Ligand SMILES: NC(=O)c1ccc[n+]([C@@H]2O[C@H](COP(=O)([O-])OP(=O)(O)OC[C@H]3O[C@@H](n4cnc5c(N)ncnc54)[C@H](OP(=O)(O)O)[C@@H]3O)[C@@H](O)[C@H]2O)c1
């Protein structure tokens with residue numbers, strides 16, 4: 001027989017959309033196991049959503065009372081009878097003001113808001129620490145995958161060398177579909193939209209912005225330095241063609257939109273862009289809308305966390321886990337454990353300092369000695385060739401696929417400029433970074 005704490009933990013929820021609804025459903029459906037594990041009763045006390053009548057209907061269909069709804073957010077963020085505020089409206093404002101107000105009023109906060117945490121995480125964590133309450137944000141990165149607690153707690157004994165992830169399900173779905181069906185980007189994007197994986201305006205996903213916010217959060221936690229979203233170098237997947245995917249496959253590679261963060265003695269590298277990784281790398285096998293985060297740390301070695309990075313119930317799983325942690329802290333007077341761990345202040349490397357191999361696809365004049373001209377031009381910039389394959393002929397042009405040896409991005413950019421000025425080169429069609437580092 002489990003002896004429950006007397007105290008009931010009252011939750012106030014701001015936002016009752018996909019994640020808010022899923023959170024309420026999970027708290028209701030799994031109430032018994034949650035109660036026993038939390039050692040206390042967790043109750044949704046109040047809900048605020050600007051689409052009140054729609055949200056009420058949704059709540060009633062889940063067996064919740066419409067009386068839970070309030071028409072003023074102050075009845076949650078400033079109310080004496082709320083212990084934990086769950087912010088699931090998204091965006092910067094008014095979410096930031098709501099969270100700050102809740103913290104000032106002594107409430108612990110659980111949020112899924114990556115936009116906010118990637119830009120103002122340090123400020124909000126410091127505010128929570130000052131008041132002695134918790135601010136948890138597991139759902140802000142990779143949905144249901146518990147990567148934040150893993151980095152902050154379970155792996156806290158390690159120095160992290162590298163964090164590499166597929167942290168956007170929409171782009172992973174599109175690239176996986178392109179690889180599986182041989183279809184073009186636009187076709188697979190439309191398919192992702194039809195399935196609800198991509199929004200009507202897919203910019204945040206396909207331009208890599210969503211992934212950059214998540215990598216800013218992960219890199220900050222792993223390397224204990226403040227890294228905001230605007231410090232992350234970003235390229236999206238719009239320019240990846242079915243030809244690049246097919247040629248990558250032929251060469252033993254898979255193209256993924258990766259977030260890569262590396263720790264150096266004096267600096268940190270954080271970037272999001274398409275990468276050709278060896279098809280035998282664990283991240284290459286992560287398909288559809290799945291997310292995965294691959295970490296390399298001194299004591300642990302290499303490990304990969306895989307799962308659903310979005311969706312109603314996987315995200316609710318992370319939110320409710322955080323509510324349980326906050327609730328336990330409240331019951332046992334342990335609140336305010338969320339310290340802001342950005343105690344280092346390392347320089348963020350410029351993309352020009354990155355060193356890797358490159359895949360280039362060029363349209364060139366279909367005649368002899370072309371390769372000699374190309375090798376000579378790029379050689380002057382310290383770029384040398386590892387692999388060369390001649391592919392299709394298109395009119396009087398030939399398609400060349402090249403993989404370079406490792407070189408600094410700065411040299412590669414200059415070499416590409418020189419190639420574009422070469423009479424035998426019609427166009428440098430694609431440039432994709434190649435990461436062989438884990439092979
Ligand atoms: N969906 C996922 O799979 C997922 C996964 C991980 C993290 N997240 C994060 O979770 C958060 C919520 O996402 P979601 O997918 O649940 O969004 P959603 O389905 O759009 O739900 C948000 C709800 O909050 C309402 N709302 C927006 N602004 C409000 C305000 N100022 N005051 C009161 N209500 C407001 C929205 O109404 P309107 O529709 O009228 O704006 C909507 O009903 C975001 O930060 C998101 O990035 C989502």
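The values are calculated or read from the model by the stated rules, or taken from the named source; none is laboratory data. Fair warning: this is a prediction, and the values are worked out from it, not measured in the lab. Cβ coordinates were reconstructed from backbone atoms using ideal geometry, including for glycine residues, and neighbour counts include every protein chain displayed.
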If residue 71 passes every condition in (1) in contact (Cβ under 8 Å) with a residue 12 or more places away in the chain; (2) part of a loop (DSSP other than H, G, I, E, B); (3) within 11 Å of the ligand (Cβ to nearest atom); (4) more than 17 Å from residue 12 (Cα to Cα) but one, which one does it miss? (4)
Considering only residues that are within 24 Å of residue 304 (Cα to Cα) and in a helix (DSSP H, G or I), which ones fall in region 109-146? 114, 117, 118, 138, 139, 140
Could you go through region 299-316 and let me know if any residue there is in contact with a strand residue (DSSP E or B) (Cβ under 7 Å, 6 or more places away or on another chain), away from the ligand (no atom under 14 Å from the Cβ), at pLDDT 95 or above and assigned to a loop (DSSP other than H, G, I, E, B). no
Tell me yes or no: at least one residue of region 115-124 is within 9 Å of the ligand (Cβ to nearest atom) and surrounded by fewer than 23 Cβ atoms within 10 Å (Cβ to Cβ). yes
It is to be established whether one or more residues within region 14-23 are more than 12 Å from the ligand (Cβ to nearest atom) and closer than 18 Å to residue 83 by Cα. no
Within region 193-218, can you find the residues that are over 16 Å from residue 113 (Cα atoms) and under 11 Å from the mean Cα position of the chain (by Cα)? 208
All but one of (1) touching a residue at least 60 places away in the same chain (Cβ under 8 Å); (2) within 16 Å of the ligand (Cβ to nearest atom); (3) assigned to a loop (DSSP other than H, G, I, E, B) hold for residue 81; which doesn't? (2)
Given the condition near the ligand (Cβ under 10 Å from one of its atoms) and outside any loop (DSSP other than H, G, I, E, B), answer yes or no: does some residue in region 24-43 qualify? no
